[in-house]
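To start, the structure itself, in structure tokens.
A short reminder: the numbers here are calculations on the coordinates, not readings from a lab. Here the structure is a predicted model, which is why all the values come from computation and not from measurement. Backbone-built Cβ (ideal geometry, glycine too); neighbour counts: all protein chains shown.
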Amino acid sequence: MSERIAFIGGGNMASAIISGLIKQGLSPAHIDVLEPFAEAQTKLQTSFGITAQPQAGAFLANAGLVVWAVKPQTFKEATQAVAPHTRSALHLSVAAGIRSDSIAAWLDTERVVRAMPNTPALIGQGISGLFARASVTTQDKTRIDQVIATTGQSLWLDAEDQLDVVTALSGSGPAYVFYFMEAMTTAGTEMGLSRAQAHQLAVATFCGASALAQASSESPQVLRQRVTSKGGTTFAAISSMEDNDVRALFIDAMYAARERAKELGDEFGAA
């Protein structure tokens, strides 16, 4: 954990990784951040004691690993100033949609890994899908594993287009959970609980059910059936959702997320 790491972009996902790296023993003095926005610069200084640089420069040449935590629409522009300093580095992108062909062309290197993390990485409970180009070595992958492990779990994928599926499932997934939490909280409030009570029950229910699913060898379908006695209250709720095609609509929503990930690559990834 002594290699210098440079982050291009210093927002929430970069901060999550930086926080994990520091907790695992990497000195903030070994971390460089390129971040043009003053508010984000202040947050990095306050949280980690890191002085972010507003512009690319020769300091980037010291990095063995460069982490790209920029928005898809600004990725290409950001590479123009950074690429001359980082051709010998290993590159890790956490930007949605932007394909490794584009990244490799912009940076003039084949040592590119893409990751699709999610926001629970902020508390070390995330999961990331990973894809490496052919020139990425086993040693490179091990380095990526060390970095991503600071944010939670990960799994390597054989095909890059699977990252679009990961984006739709786990990348956007926390928002689906929060969406259902919102609905449950609203319903609980409408039926007589205080908003605080309904919120506490909804959050605890998702946490407990997730922990049970993780600890159990049984599928979610079996676990659901175990609490769905015919004619009971859960049966009434599930039947209502089935009658309204909630499952089909939810699956359609995930397909929409995958298609948008593909569109981001087409729209902002042309070399």
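Annotations
- For a straight C-alpha distance cut-off of 16 angstrom, the lysines reachable from K71 (same-chain residues fewer than eight places away being disregarded) are K262.
- Ordering L193, M181, S219 by the projection of their Cα atoms onto the charge dipole of the range 173-261, which places +1 on the Cβ of Lys and Arg and -1 on the Cβ of Asp and Glu, puts S219 at the extreme positive end.
- Largest GNM mean-square fluctuation among R224, R111, R99, using the chain with Cα springs under 10 Å: R224.
- Mean-square fluctuations from a GNM of the chain, with a 10 angstrom spring cutoff on Cα atoms, peak among S239, S128, S102 at S239.
- Prolate/oblate/rounded label for the range 173-261 (Cα gyration tensor, a/c 1.5): rounded
- Other-chain or far-sequence residues with amide H under 5 Å of L92's (modelled H): V66, V67, W68, V113
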